[in-house]
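Q: Below is a structure I'd like to ask you about.
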Amino acid sequence: QVQVVESGGGLVQPGGSLRLSCTASGRIATINVMGWYRQGSGKERELVAEFLSTAARANYADSVKGRFTISRDNSKDTVYLQMNSLKAEDTAVYYCFAEVGLWGMAENPQHYWGQGTQVTVSS
């Protein structure tokens, strides 16, 4: 089956940096989209960034533009989120997601989620 695993969260001071990693594995024929949502305590879920593989296009929430960068590696099953100039408002659980086409049913992509990784920005 398909698994999505993210890592890289932690505690950093304001202005610091973190890099999140997310890997999708399993019987994957294609990866259409990978990215991150986040949800802070008492907040609604927010799409932070996504990478559209077929279009080679990255989208970002306005709140992180200019500070966060999403990228894919050459294996095409891992995506990174470089987070710079972190603010307290960035504190949240970050959930990686992947929209993938499975072997035998690539025409019917499925959406998978990771378990989440905590990012805390505090002095």
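Q: Please determine whether any residue of the range 26-37 is more than 26 Å from Trp103 (Cβ to Cβ), part of a loop (DSSP other than H, G, I, E, B) and not aromatic (Phe, Trp, Tyr).
A: No, that holds for no residue.
Q: How many residues does the range 22-44 contain that are within 27 Å of Met105 (Cβ to Cβ) and either aliphatic (A, V, I, L, M) or open to solvent by 30 Å² or more (accessible area, probe 1.4 Å) (or both)?
A: Step one: of the range 22-44, the residues within 27 Å of Met105 (Cβ to Cβ) are 22-37.
Next cut, either aliphatic (A, V, I, L, M) or open to solvent by 30 Å² or more (accessible area, probe 1.4 Å) (or both) only: 23-34, 37.
Residues that pass the stated criteria total 13.
Q: Tell me which residues, restricted to the range 71-96, are open to solvent by 10 Å² or more (accessible area, probe 1.4 Å), at pLDDT 95 or above and not small (Gly, Ala, Ser).
A: Tyr80, Gln82, Asn84, Lys87, Glu89, Thr91, Val93, Tyr95
Q: In addition: Quick check on this structure: which one of Gly35, Gly101 is in contact (Cβ under 8 Å) with a residue 12 or more places away in the chain, of a type in the set (Gly, Ala, Ser), in contact with a strand residue (DSSP E or B) (Cβ under 7 Å, 6 or more places away or on another chain) and within 25 Å of Gly10 (Cβ to Cβ)? Before the answer, list the steps.
A: Values: Gly101 fails: within 25 Å of Gly10 (Cβ to Cβ).
Only one candidate qualifies: Gly35.
Q: Looking at (1) open to solvent by less than 40 Å² (accessible area, probe 1.4 Å); (2) within 30 Å of Arg27 (Cα to Cα), which one does Arg67 not meet, given that it meets all the others?
A: Only one criterion in (1) open to solvent by less than 40 Å² (accessible area, probe 1.4 Å); (2) within 30 Å of Arg27 (Cα to Cα) is unmet by Arg67, namely (2).
Q: Would you point out which residue out of Val100, Val64 is among the β-branched types (Val, Ile, Thr) and part of a loop (DSSP other than H, G, I, E, B)?
A: Numbers: Val100 fails: part of a loop (DSSP other than H, G, I, E, B).
Just a single option satisfies the conditions, and that option is Val64.
The values are calculated or read from the model by the stated rules, or taken from the named source; none is laboratory data. Computed from a prediction, not measured in an experiment: that's the story for all the values here. Note that we place each Cβ from the backbone using ideal geometry, even for glycine, and neighbour counts take in every protein chain shown. Quick note on the areas: whole protein, heavy atoms, side chains included, nothing else; ligands and nucleic acids left out. Shrake-Rupley method; radii C 1.70, N 1.55, O 1.52, S 1.80 Å.
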